[in-house]
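One structure below.
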Amino acid sequence: MSEICIIGGGIVGLATARALSLLNPDARLTVLEKEADTALHQSGRNSGVLHTGVYYKPGSLKATTCRAGKLAMQDFCQQHDVPFELCGKVIVATSDDELGRLENILKRGTENGVTCQQIDVPQLKEIEPHVKGVAAIHVPEAGIVDYPAVCRKLVKLLRESGHDVRFNFEVTAIDRQAQQTRIRSEKDEVTANYVVNCAGLYSDHVVRLAGGKPEHRIVPFRGEYYELRNEFRHLCRHLIYPVPDPSFPFLGVHFTRMIDNSVECGPNAVLALAREGYNWKTIRMDELAESLAYRGFQKLALKHWKMGAGEMWRSASKAAFVKALQKLIPDIRREYVSPCRAGVRAQAVAADGSLVDDFKIQFDNGIAHVLNAPSPAATASLQIGEHIAAKILQASF
């Protein structure tokens, strides 16, 4: 009987455990989570969007797992009564300069099998009356979902199947011996034949605990959000996204109607001062020094310093943030929005300063390390889990 340990009780770790339990019913699974509950970090602090794969390079792991993962997530939610809705999305070109990039997105989406079409201004106004643009792509199959509820349901299903999900278990040491691995916390330990590292913001630290060398370094970027006050929610009916700027490594501010009918606006993207630094007051000097000393981050910052300064200014100035929002919805005023939650993205950065764009999974001596799982990882989680589970059961690492 295989004993498999998954480090990290977020949506990717739980989905991997779920896939392993279905593909190998005889396996004994243990999920270890350092927090007291699931979905307290990236899994519960994302936009809640069911992504379609419209942006991603055809044939990439992101594109293939997103498409299959979205369908699997919809089926899962229907089967287990988790709230979701296919509300649709528009990707808006606000100037003629963006039309070429909009066309490229449409081409990618079509190649990836996404149901999408370019629409003109009257059609855009019919879908989102308050949005200003010269053209847009309509993606009717895009949706929203309650990812924390997905995580809670996965925990319940795993426990009902006889598997162990342990909270308050922070991994402090990993010792690989022959065909077994000992995973220890300060008070307890677990032994397993195989280990899956789904530690998110600390995934590269877990690689080092296991005696390996991460191919890339995790650098935490905080995304800060505002939300529309209740009386102004009508300004956004669905999901409203900008055309991505290829000169900037992040998507840009957008509007997201959440599953509870609230509307979030953002995010910006600033260096977090701790890996779980959800505000400017949360600082861990060792983690900040690690980011600042990393040559890859230094090269990234040097290349994008002007954009980075703008993101920091939007963090400090509500007026600047609102001005960015007005590019899509000119009617927005600063009194229409109030600050809400922030999230921290675990972004893998290469030594040359480039952001690792695709999902990255490293198999090393009996351990599978999920080293990069940015958006659309939540959407794709069930498919990512199947991908990892298949590799483990084939004993291909």
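None of the figures in this text is laboratory data; all of them are computed from the coordinates on show. No experiment lies behind these values; they were computed from the predicted model shown. Cβ placement follows ideal geometry from the backbone for every residue including glycine, while neighbour counts extend to all protein chains displayed.
Annotations
- Extension gain from residue 363 to residue 80, taking 0.36 nm per residue of separation minus the Cα-Cα distance: 98.7 nm
- Sorted peptide list for 346-355, 218-227, criterion being average Cβ within 10 angstrom, highest first: 218-227, 346-355
- Antiparallel beta bridges, as assigned by DSSP with both residues in the chain, represent about 70 percent of the total such bridges.
- Total charge dipole magnitude, the range 56-129, about the Cα centre, Cβ charges on Lys, Arg, Asp, Glu only, Debye to nearest 20: 400 debye
- Label positions at residue 299 and residue 60, each projected 7 Å from the Cα along the C-beta direction, are separated by 1.8 nm.
- The range 172-217: GluC sites (Glu not before Pro) in DSSP loop, at most 11 other beta carbons within 10 Å: 186
- Summary value for the range 1-126: 21 percent relative contact order, contacts being C-alpha pairs under 8 angstrom separated by 6+ residues.
- Dipole axis of the chain (+1 Lys, Arg; -1 Asp, Glu on Cβ), positive-most option in 354, 343, 42: 354
- Dimensionless Rg ratio for the range 217-356, taking C-alpha atoms and the 2.2 N^0.38 Å reference: 1.09
- 20 Å cut-off, amide nitrogen to a point 7 angstrom out along residue 326 Cα→Cβ, residues in the range 126-163: 129-134
- In the structure shown, the pairs 57/360; 70/360; 70/391; 34/89; 125/327 are assessed against 25 Å; a Cα-Cα span above that value is assigned to 34/89.
- Per DSSP, loop trypsin sites (Lys or Arg not before Pro) in the range 297-397 with at most 13 further Cβ within 10 Å: 333
- A Gaussian network model of the chain, with springs between Cα atoms under 10 Å, assigns the largest mean-square fluctuation among 373, 324, 15 to 324.
- Residue-averaged [θ]222 nm for the chain, counting only DSSP H segments that reach four residues, each worth -39500 (n - 2.57): -10000 deg cm²/dmol
- Sparsely packed loop sites in the range 166-198 (the trypsin sites (Lys or Arg not before Pro) outside DSSP H, G, I, E and B with at most 12 other Cβ atoms within 10 Å) comprise 187.
- Relative contact order [Cα under 8 Å, 6+ residues apart], the range 335-391, whole percent: 24 percent
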